[in-house]
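Everything below concerns the one structure shown next.
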Amino acid sequence: MKRLGLAVLAVLSTTAFASEETQSPWALSATVGYTMGGDTIGTLNYEDDSSDSIKAGDGFILGGALNYSLNQQFDIRFNAAYHFDSANAKNGDVTFSRFALETIPYYKINEQFKFGLGAGLDMAVELDNDFADDAEFDNAGKLILSGMYSFESFNASLELRYSVVEYELSNFAGYSYSNAPKMDGNHLGLLFHWNF
């Protein structure tokens with residue numbers, strides 16, 4: 001009986017050790033967040049004399065990420081997200097949107113805190129206007145400064161980030177533009193990541 005107990009204990013210990021060794025360095029997460037900042041792109045005026053403005057840095061972020069742990073101190077995060085701000089009325093909407101791809105290397109201070117400096121590319125940047133002509137903007141590179149806090153009690157993290165980006169008009173009302181004035185899209189954002 002003692003031999004059987006020792007054999008079971010040895011198998012369980014070996015299995016636990018093997019699972020630790022084979023734990024994947026890759027992890028996925030779903031992201032939702034909100035940002036504020038940037039130049040005003042357009043304003044929607046309502047009949048009650050109120051208005052709603054669209055800014056180049058404001059809006060919601062919905063996306064996902066792939067995180068790769070290099071070692072105990074460093075990891076790298078690959079983000080893909082849809083970033084948009086809109087003003088809505090009964091007869092139409094005005095929406096500024098873009099798709100973002102980002103790469104952010106992080107340095108881990110401890111198990112809860114890490115800081116990163118990375119870069120991204122905003123693509124398919126456009127202003128969709130139901131009341132006037134649409135506008136398209138060139139793809140834009142951006143710099144990202146990020147601080148991340150990982151919760152101890154559940155598998156999620158909270159990110160505070162600042163992004164530096166400018167958008168340049170490329171097409172408006174069917175006319176192409178070159179060397180158009182750039183709009184400030186710099187923004188501060190708070191993002192929630194659900195890790196799984």
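Some observations on this one:
- The chain - convex hull of the alpha-carbon atoms, volume per residue in Å³: 162
- With respect to the chain, whose longest principal axis is taken over its alpha-carbon atoms, helix 2-21 is tilted by about 30°.
- Of all the options S170, S24, S53, the one that moves most in a Gaussian network model of the chain with Cα springs shorter than 10 angstrom is S24.
- On the basis of the beta-carbon distance and an R0 of 35 Å, Y175 and M123 show a calculated FRET efficiency of 0.95.
- Other residues within the sphere of radius under 12 Å centred on the Cβ of E166, judged by their own Cβ, net out at -3 (K and R +1, D and E -1).
- Entry note, the chain: relative contact order of 19 percent, from Cα contacts under 8 Å with a spacing of 6+ residues.
- Hydrodynamic radius of region 33-97 per Kirkwood, over alpha carbon pairs, in Å: 14.1
- Per residue, the convex hull spanned by the alpha carbons of region 140-196 comes to 109 Å³.
- Ligands, DNA and RNA are left out, and with a 1.4 angstrom probe the accessible area of the chain is 61 Å² per residue.
The values are calculated or read from the model by the stated rules, or taken from the named source; none is laboratory data. Computed from a predicted structure; not experimentally measured. Counting neighbours? That spans all protein chains shown, and the Cβs are built from the backbone with ideal geometry, glycine included. We work out accessible area using only protein heavy atoms, side chains counted, and drop any ligands, DNA or RNA first. Shrake-Rupley method; radii C 1.70, N 1.55, O 1.52, S 1.80 Å.
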